[in-house]
Amino acid sequence: VFFIYRRNYYGGNWASFSFSGLLSWIKENQQKTDSSDECEDWRKLILDNEEVISLSKKDKTIQNVEDFCFGDQDSSQDVEEAGALSKLPVFVAAGVEGVVEDLEKETPSTENAATESQEPEQAMDTEPASAAEGKDMEMTSEKEDAQITASGDSTLELGTTEAAPSELSAQEPKRVTYSQIVREGRRFNIDLVSKLLYSRGLLIDLLIKSNVSRYAEFKNATRILAFREGKVEQVPCSRADVFNSRQLTMVEKRMLMKFLTFCLDYEQHPDEYQDYEDSTFAQFLRTRKLTPSLQHFILHSIAMVSETDCSTLEGLQATKKFLQCLGRYGNTPFLFPLYGQGEIPQCFCRMCAVFGGIYCLRHSVRCLIVDKGSGRCKAIVDHFGQRISANYFIVEDSYLPDGVCASVHYRQISRAVLITDRSVLNTDSEQQVSILTVPPTEPGKPAVCVIELCSSTMTCMKDTYLVHLTCPSTSTAREDLEPAVEKLFNLNTEKEAEVEELEKPKVLWAVYFNMRDSSGIDKNSYNGLPSNVYVCSGPDSALGNDYAVKQAETIFREMFPTEEFCPPSPNPEDIIYDGDDIAPEEPGLSNSPETKPDTSAEESSHEGGAAVKKEDNEV
């Protein structure tokens, strides 16, 4: 397997960045420069019986990028230098790619090296350089910290430590300047796409089944919030939360429990909803004798569906999914990967690299070469003029030229990322991972999904919060999301702000952008694609990752119908590398990962791969 990326990072629009890396990404997408042609004589590689499908040189999936700083900008020049991207191509062989990403998180920049050397205790939350060792180390924190690792019986184990009460006053957050954000920029891991993992979702099941979960750690989302009548409230989810809630009366508690019990097995009671199958879920809720507050909680915080577009069946299915995921790892259905959503594609990259996958960054592809007779794609030509042959080709949607996509109608996602000084709902513990849905501000506008991350998720520096806002686009991202931002946060300076604004968390920095949603597009919508070329979409606007998992499995089964999708990977002690059969018999030698952490994976990519022996079965 050979992966080629035209960027200098993994994951495309699924990636995560440090603060300086995100500033460089913003600059790139605001300028939209063309990639340079390094080879002009590549057409001599094309034979008479072949034709060419030229690929797009520009990534058009990101638009309307706007960033704002609401604090002191005296370090703006230093930030630009810290975020400058190298232009040299990087070739990453099997087993090495994890080291590159981990070193970026671990190695301080020249600007803040002296500062970090004076604060050794703050450097303990960075990843080790080795991809094989880094994710096996257990992260601990004085704050509440939930971690997930794969156990021998293919389940996920959740460990928690008690949270220590905050010593800082909730009314007086520590002042954070823009200079501090720049200096601590490597503490940030900022996702381009904001998602959570359902604890019984397809991605969690896949991580467990494939043993890829050994490379990742997760934190449980600690609370579900609702925005109602201008206030942020915590939503009771579990049975215990419902009966301990002070927001609901006893009558409302019984109403809510009765309705949630019905949703868990609604298929067994079709007579209660079949008359409303053509109605929206919001209309159905009004017929259930629920109070307005309960209808709001169910619609926006439990089912998390649109008030106008979601049918009754879709709402019941979403509510059931929410309830089924409760209690597996905590009081909410959601998990978040430490170091950001961008860790998930990197986990699969690490696993692939161990078994011979090769990755190449900053390497553009010029065109597809198609055989005129069979109509199949035979090879690609890269920007160096090299011809690379293969049997199957998987192309990310952003690489396709306008001619191929002429009949495709794309949707857009509006995204915003904020750095704030405190949580939207202060409690005794500062270390909260929260999800909040802000209802539409006016008819025709979508609801906004808000995910707030604390520093123990390893996505932001201490004394700050990272806030992601997402909704389907109706206009530019700023026009779609700024009304929700203004409801929840203070965008003014302290001198200009009124008393009501000062009670809200202050936004220190913000970026808005629109991202293409290419999910749900049939392959036949693309013009002239060969049968052995498969299109992989970018992120969708849904909260979970189910669509991406389904698409990956569908493409895999079309290429290899008799093979198992993502089979369990062997344990390190079960791997025997070529030429190492006799080594374990010799005293003092071992084939364990501790003595051969990365070199064996790199050797396997050149020597034909790894032989796996487990229970007398050889692969």
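The values are calculated or read from the model by the stated rules, or taken from the named source; none is laboratory data. All values derive from a computational prediction rather than experimental measurement. Positions of Cβ are generated from backbone atoms using ideal geometry, with glycine treated the same way; all protein chains shown enter the neighbour counts. The accessibility values were calculated without ligands, DNA or RNA, using every heavy atom of the protein model including side chains. Shrake-Rupley method; radii C 1.70, N 1.55, O 1.52, S 1.80 Å.
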Filter result for A379 (in contact with a Ser or Thr (Cβ under 6 Å, 6 or more places away or on another chain) and small (G, A, S)):
yes
Going through (1) in contact with a Pro (Cβ under 9 Å, 6 or more places away or on another chain); (2) modelled with pLDDT under 90; (3) of a type in the set (D, E) one by one, E172 fails only at (1)
Can you tell me which of (1) more than 22 Å from V65 (Cα to Cα); (2) of a type in the set (G, A, S); (3) modelled with pLDDT of 95 or more is the one A416 doesn't meet?
(1)
Filtering the stretch 331-373 down to residues that are in a strand (DSSP E or B), open to solvent by 10 Å² or more (accessible area, probe 1.4 Å) and either of a type outside the set (A, V, I, L, M, F, W, C) or modelled with pLDDT of 95 or more (or both) yields R366, D371
Filter pass, I413 being of a type in the set (A, V, I, L, M), in a strand (DSSP E or B), in contact (Cβ under 8 Å) with a residue 60 or more places away in the chain and in contact with a Lys or Arg (Cβ under 7 Å, 6 or more places away or on another chain)
no
Subset of the stretch 195-231 (residues that are among the hydrophobic types (A, V, I, L, M, F, W, C), in contact with a helix residue (DSSP H, G or I) (Cβ under 7 Å, 6 or more places away or on another chain) and within 21 Å of Q346 (Cα to Cα)):
L197, L202, L203, L206, L207, V212, A216
Condition met for L323 (within 24 Å of the chain's Cα centre (by Cα), in contact (Cβ under 8 Å) with a residue 60 or more places away in the chain, within 19 Å of R223 (Cβ to Cβ) and part of a helix (DSSP H, G or I)):
yes
For K378, all conditions in the list (1) in contact (Cβ under 8 Å) with a residue 40 or more places away in the chain; (2) within 27 Å of Y339 (Cα to Cα); (3) assigned to a strand (DSSP E or B) hold save one; what is the number of the exception?
(2)
Matching residues, the stretch 285-311, being under 28 Å from the mean Cα position of the chain (by Cα) and either of a type in the set (A, V, I, L, M) or not in a loop (DSSP other than H, G, I, E, B) (or both):
H296, F297, I298, L299, H300, S301, I302, A303, M304, V305, S311
Any chance I394 is assigned to a strand (DSSP E or B) and within 20 Å of K195 (Cα to Cα):
no
V438 versus (1) under 28 Å from R186 (Cα atoms); (2) open to solvent by less than 10 Å² (accessible area, probe 1.4 Å): which is the lone unmet condition?
(1)
Tabulated pairs, the stretch 462-485, first open to solvent by 20 Å² or more (accessible area, probe 1.4 Å), second in a helix (DSSP H, G or I), C-beta under 7 angstrom, 6+ apart or interchain:
K462/S455; S473/D480; T474/D480
Return the residues of the stretch 374-409 that are within 29 Å of the chain's Cα centre (by Cα), buried (at least 17 other Cβ atoms within 10 Å of the Cβ) and of a type in the set (D, E, K, R); say none if nothing qualifies.
D382, E396, D397
All positions within the stretch 4-24 that are open to solvent by 10 Å² or more (accessible area, probe 1.4 Å) and not in a loop (DSSP other than H, G, I, E, B)
I4, G12, N13, W14, S16, F17, S20, G21, L23, S24
When the residues of the stretch 537-571 are filtered to those that are open to solvent by 50 Å² or more (accessible area, probe 1.4 Å) and not in a loop (DSSP other than H, G, I, E, B), which remaining residue is farthest from A318 (Cα to Cα)?
E558
Filter the stretch 185-239 for residues that are over 16 Å from L294 (Cα atoms) and without any contact (Cβ under 8 Å) to a residue 24 or more places away in the chain and give the result.
D205
Being under 30 Å from S56 (Cβ atoms), in contact with a Cys (Cβ under 9 Å, 6 or more places away or on another chain) and at pLDDT below 90 narrows it down to one residue among F393, F384; which is it?
F384
Check every one of the strands (runs of 3 or more DSSP E) wholly within the stretch 183-276 and list those with 2 or more residues that are under 30 Å from E66 (Cβ atoms) and open to solvent by less than 20 Å² (accessible area, probe 1.4 Å).
223-228
Considering only residues that are more than 24 Å from the chain's Cα centre (by Cα) and open to solvent by 40 Å² or more (accessible area, probe 1.4 Å), look in the stretch 502-524 and name the one that is farthest from R415 (Cα to Cα).
N524
